[in-house]
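Below: the structure, in structure tokens.
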Amino acid sequence: MKFVLQFISWLQCREHRMTYTEESQNPVGSTARLRGWLPALLISLLISLVIISPSFRLGTATGQDFLFHASSWLDAAGQWKAGILYPRWTEWANYGFGEPRFIFYPPGSWMLGAALGLLLPWNSVPAVYIVLVQAFAGMSAFFLARRIFPRQAALFSAACYAANPYALLIIYLRSDFAELLANAVVPLVFLAALEVCGLMDGPDRGRGPSAGRAVTCFAAALAAVWLANAPEGVIACYSSAAVFGFAALTRKSWQPVLRGAAGLALGLGLAGFYLLPAAYEQRWVNISEALSSGLLPSENFLFTVINDPEHTLFNWIASGIAVLLIVLAGLAAVAVHRTGREDQEAFANRAWQALLFLAGLATLLMLHVSNIFWDLLPKLRFVQFPWRWMGVLAVPFAVFLGGAIARRRWGWVWAVATFAVLGATGAALVHQGWWTKNDIPILRQEIARGEGFEGTFEYDPKGDDHTNIPVAKAPKVQVMDTDSTPGPNTPPVVRVERWSPEYKEVIANTREPFALGLRLLNYPAWQVRVNGAVVNPLDGEDFHQMLVPLQPGESHIQVRFRRTWDRWAGGIISLISCLVAFGVLRRRMSS
């Protein structure tokens, strides 16, 4: 908690520093600072409410990933009620046979959704989630823009970022709540990255404890992105590294690269409790399915056409949104560059150049000419969709538009044109989207009946084919009787003593050897004990159902989802990283 408060304090201090010469002569106290960011919060909240207003009449926008996220919220909330604070195994996936989804999918979005579900009616959770996240997104953009432009421009930037076209695409057509959450933090990543590089500071700053504090705050923001969405984490790492390289070249110093490397390492360490298990345990699942047909970067560059009309239609919609962002960001950048430069401090010009560089980089990586980078750069291909770089492009888009709108001349023209374009884009996407009020109630009913929901290809245990899993409700335990696993002649007596998401306990009495099938997919993290001795379970014929071989007599079966070494190591790395970050901030407070 102290670390979070320190990060908020850092943001307020950054907002306090003035960017224009005439403002630097007017010291601003805490009350004035409150008046500065409170309007930004109110504007961001208002924009967020406008965004979700169609749901009052139409229901919930159920885009491509809606069921995945809604089912994760429901499953996590159910495990919290069972006393599991950080779930790793998704109990009701694969129609009750489960999957290790929570090991590989970052916890930020499904924990926020689950928490809202415990406090609010489930049908209202998506709308409230969007309002909270987009309000935070607007505030993030405000803190960044406030370092470069006056307060009025920063307020416009907050509004533009909260309603940026890519966010609207995610909300109305994709329903990728994790990516939405990650993008809300991205402006803070770039604000801290610019601080680390010294692109926001005059010649007398950027040394000593303040540099360490900037590095720590950058690491915290980067970790937050990783804990929200893994593809956006990859993008944040590469785009931040590009900023550090840009700063090193323009300032002719290796210092930005060295500090940036320290921030990247610390940020990855803070998220280590998630990252290390997710990286190590990929060998236990069909992770290559994340790059199956339709999900390859080469099939998702702007205006790419493949032999799938539905996929091509969405790609062209996303491409149109990308072109809109590119054009508006470019025009606004030119307008900002041509006005008031003589009044701006040097660091504001350097920040403008860095953001323009980021916009160019994001544009390049969405085009097919960048295919070589997607093939060569580690893990970049797992971003899957090059148009995801719109999450980076949206930041200079909002900042530059805020600066253009705040111009003394023609500012009103920019304001009218911008909000007309954003309104028209939102209306078109609302019309294109699919709206319903039944998806979450149906999911809840299926879980309550013990039927569960569909699993995910890339989180399926290695070698398994979850399409063979029976859709109908399966019993918790069953006596296997197949050609390869013949059943006993005398039916055994089987009694379930306990059945929770991460622990199963069963008593079986039999006169003959047989295999007991559990409603559970076999995964290396499951440890099976029979009468206290560890045994290796077998796999089923059609899919990797866990089969426990039993001998005559009474058998006490215990199946526990154990804490593997990678989870221990990841937790230790995060703990050490937190101590380092706290030590840096504490030293800054005492200096």
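Any read-out appearing in this document is the output of simple, stated calculations on the displayed coordinates, not a laboratory observation. Treat the numbers as computed from the prediction; the structure is a model and nothing was measured. Here the Cβ positions follow ideal geometry from the backbone for every residue, glycine too, while neighbour counts run over all protein chains shown.
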Distance in Å, no decimals, from the C-alpha centre of region 80-122 to the one of region 475-499 is 30 Å
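Work out, step by step, the length gained on full extension between residue 296 and residue 368: first 0.36 nm times the residue separation, then minus their alpha carbon distance; give nm to one decimal.
Details: separation 72, 0.36 × 72 = 25.92 nm, distance 1.22 nm.
Stretched out fully, the residue 296 to residue 368 stretch lengthens by 24.7 nm.
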Residue span residue 375 to residue 541: 0.36 nm per residue of separation minus Cα-Cα distance leaves a gain in nm of 56.1 nm
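Please tell me the relative contact order of region 475-591 in percent, rounded to the nearest whole number, where contacts are Cα pairs under 8 Å and at least six residues apart.
Numbers: 189 pairs, mean separation 29.1, N = 117.
Taking the mean separation of contacting Cα pairs over the length of region 475-591, I get 25 percent.
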Projected onto the charge dipole of region 475-591 (unit charges on the beta-carbon of Lys, Arg, Asp and Glu, signs +1, +1, -1, -1), the Cα from 524, 485, 581 with the largest positive-side position is that of 581
Counting only backbone N atoms under 18 Å from a point 7 Å out along Cα-to-Cβ of residue 316, the residues of region 419-438 in range are 428-433
Taking 495, 519, 444 and counting other beta carbon atoms within 10 angstrom, the fewest-first order is 495, 444, 519
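Can you give the FRET efficiency to the nearest 0.05 for residue 554 and residue 57, using r as the Cβ-Cβ distance and R₀ = 56 Å?
It comes to 0.35.
Relative contact order of region 41-437: what whole-number percent is it, with Cα pairs under 8 angstrom and at least 6 residues apart?
Numbers: 597 pairs, mean separation 90.7, N = 397.
That works out to 23 percent.
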The simple spin-label model distance between residue 505 and residue 280, using points 7 Å out along Cα→Cβ, in nm, is 2.8 nm
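Net charge near residue 276: determine it from the other residues with C-beta under 11 Å of the C-beta of residue 276, scoring Lys and Arg +1 and Asp and Glu -1. Numbers along the way, then the final one.
Values: positive: 567; negative: 281, 566.
Here the count lands on -1.
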Amide H proximity to residue 99 below 5 Å, modelled H, separation 5+ or other chain, gives 90, 93
Zone reached by a paramagnetic label modelled 7 Å from residue 81 Cα along Cα→Cβ, restricted to region 430-469 with backbone N below 20 Å, covers 438-454
For Rg/Rh (Cα atoms, Kirkwood Rh), with candidates [x] 1.02; [y] 1.26; [z] 1.00, the value calculated from the shown model is option [x]
Computed from the beta carbon distance with a Förster radius of 51 Å, FRET efficiency for residue 323 and residue 498 to the nearest 0.05 stands at 0.35
Per the rule of 0.36 nm per residue minus the C-alpha distance, extending residue 451 to residue 288 adds in nm 55.9 nm
Rounded to whole angstrom, the alpha-carbon centroid of region 551-591 lies from that of region 157-180 at a distance of 34 Å
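Within region 263-329, report the chymotrypsin sites (Phe, Trp or Tyr not before Pro) that DSSP leaves as loop and that have at most 16 other Cβ atoms within 10 Å. Don't skip to the answer; put the middle values down first.
Values: sites: 273, 274, 280, 284, 301, 303, 314, 316; in loops: 301, 303.
Passing sites in region 263-329 are 303.
Between residue 132 and residue 434, how high is the FRET efficiency from 1/(1 + (r/R0)^6) when r is the Cβ-Cβ distance and R₀ = 22 Å? Nearest 0.05. List each step's numbers first, then the result.
Numbers: r = 23 Å, r/R0 = 1.05.
Once the sixth-power term is evaluated, E becomes 0.45.
What number, rounded to the nearest 500 deg cm²/dmol, is the helix-based mean residue ellipticity at 222 nm of the chain, given -39500 (n - 2.57) per DSSP H run of at least four residues and division by all its residues?
Working: 22 runs with 333 residues, N = 591.
Using -39500 (n - 2.57) per qualifying helix, the result is -18500 deg cm²/dmol.
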